[in-house]
Each structure stands twice: as structure tokens, then as C-alpha cells.
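First comes the structure, then the notes that go with it.
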Amino acid sequence: MNAADPAVAPGGHASLREQMTTMIQRLPDGEVPLGQLLDAFGDDGLLLLTIFLTLVFLIPVSIPGVSTAFGAAILLIGLSRLRNKPLWIPQRLRARSIHASKLRPTLQRGLVWVQRMERVSRPHRLPGLAEGRGADLVNNLGFILAALLLMAPFGFVPFSNTLPGLALLLFAIGFLQRDGGAVLFGHLGNVATIVYFSILIGGGGLVVKQLFNRLALA
């Protein structure tokens, strides 16, 4: 994979789906270190990288262990955007590897969501929500929140990674297209994730309480 390849250039003429398809096809066989993906996109392609890393979560159940590594990388991308600094990734995280044979089919299924988002996204829609210092601050914080929600330890529960993954996809496309509508739906995705997690936690607590009461009565 080459950082200078026009298929992955943020300003290229290919659609986002075409760019992502090219990157998936060029994944090497065997183990793929996260650092290799970062180098392939470069600092100028961080939003494209976010979309790439997000694709794996756009199915109900994700590959075990991926949300921590990919979520941490996306979190660092958000922090670099917030601070307006080049991306820095710890060496330990750069060395984290995923087997391409497991990653590639999951990414390909996730491309359907990119295509759907492209169809409804409109460049420079609701510009007040996507442009300006105040909007940038709020939106980057929302992006960071979505990354943190993605890293929450609920990966075994259906849709627990899908909801924050979809929010991150909406944020990334909104940032690339300057589409305030997509960004707004990214924030709503965060709200939906928090509500869903609250239900999971509340329901789990209720189950534990009932089990404790039954044991006490036994």
C-alpha cells in the first residue's frame, strides 16, 4: 500500500467507496500491523483512515479484540484533530496486528454503509454545523466521544460497536464533505449509543439484583 496512491488521496476524484474498496483489495495477506495502515494513509488521509477502521464495526457483531485497537487509533486521530497536531501513535499500538483473512470480508460488508452515506450526504449542507472554530471544537469532541464509546467493553453484545461505528462514519463523511447534516446525525448516533448502553447497564443491574434476591430466598 502506498500513501501517494491516487486511490487513497483525500482530494482524489474516486468516490469514498471506490477508495475504500481499493485499500481493502490491497491489504497484504497474513498479519496486518496497524502501523502499516497508518503509514499507507498518512496524516492527510486521517478521515479516510477513520472510515476504513470504522467499516469493521458496521455489522452487528465485530471481530473480537478489534474495537480496542481500532477505537484507540480513532481516538488518537480525534485528539490530533482537536489539538491540530500531527498524529502520534504509541509503538505498542502500531505493532498491534489483525489477520487480513478475517478483516477483509468484514470490511467489504461494511462498504454498503459507505455507499448509503454517500448517497444521502450533501457537501456544504448546513454549513454552520460543520464549519467554524466553535463547530470544529464541538464536532471533534463528539468524534472523540464516539471513539471512547466504541472502546466500551460491550463488544460481545450485538450493535454495541455498530452504533458508535456508524456515528464515527457519519462524522468522518461530514468532515470530508463539510456536511453539517451528516455531522448532526453523528451526534445523534452518540446519543443513541449512550441510551443503548444505559439500557444494557440498567438491565444487567436488574438481572443481578433479581438473582441476588432469589439466592437470598433460597
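Among ARG26, ARG104, ARG96, sorting on how many other beta-carbon atoms sit within 10 Å of each Cβ, with the fewest leading, yields ARG26, ARG104, ARG96. Along the Cα-to-Cβ line of ARG94, 7 Å from the Cα, sits a label point; which residues in segment 16-55 have backbone N less than 17 Å from it? Counting only backbone N, you get 32-46. Around the amide H of SER121, modelled in the peptide plane, lies no amide H under 5 Å away from a residue 5 or more places distant or on another chain.
For ALA14, nonlocal amide neighbours, meaning residues 5 or more places apart or on other chains whose placed amide H falls under 5 Å from its own, do not occur.
FYI, it's all coordinate maths here, none of it is from the lab. On a predicted model such as this, the values are computed, not experimentally measured, just so you know. Please note: Cβ atoms are built from the backbone with ideal geometry, for glycine as well, and neighbour counts cover all protein chains shown.
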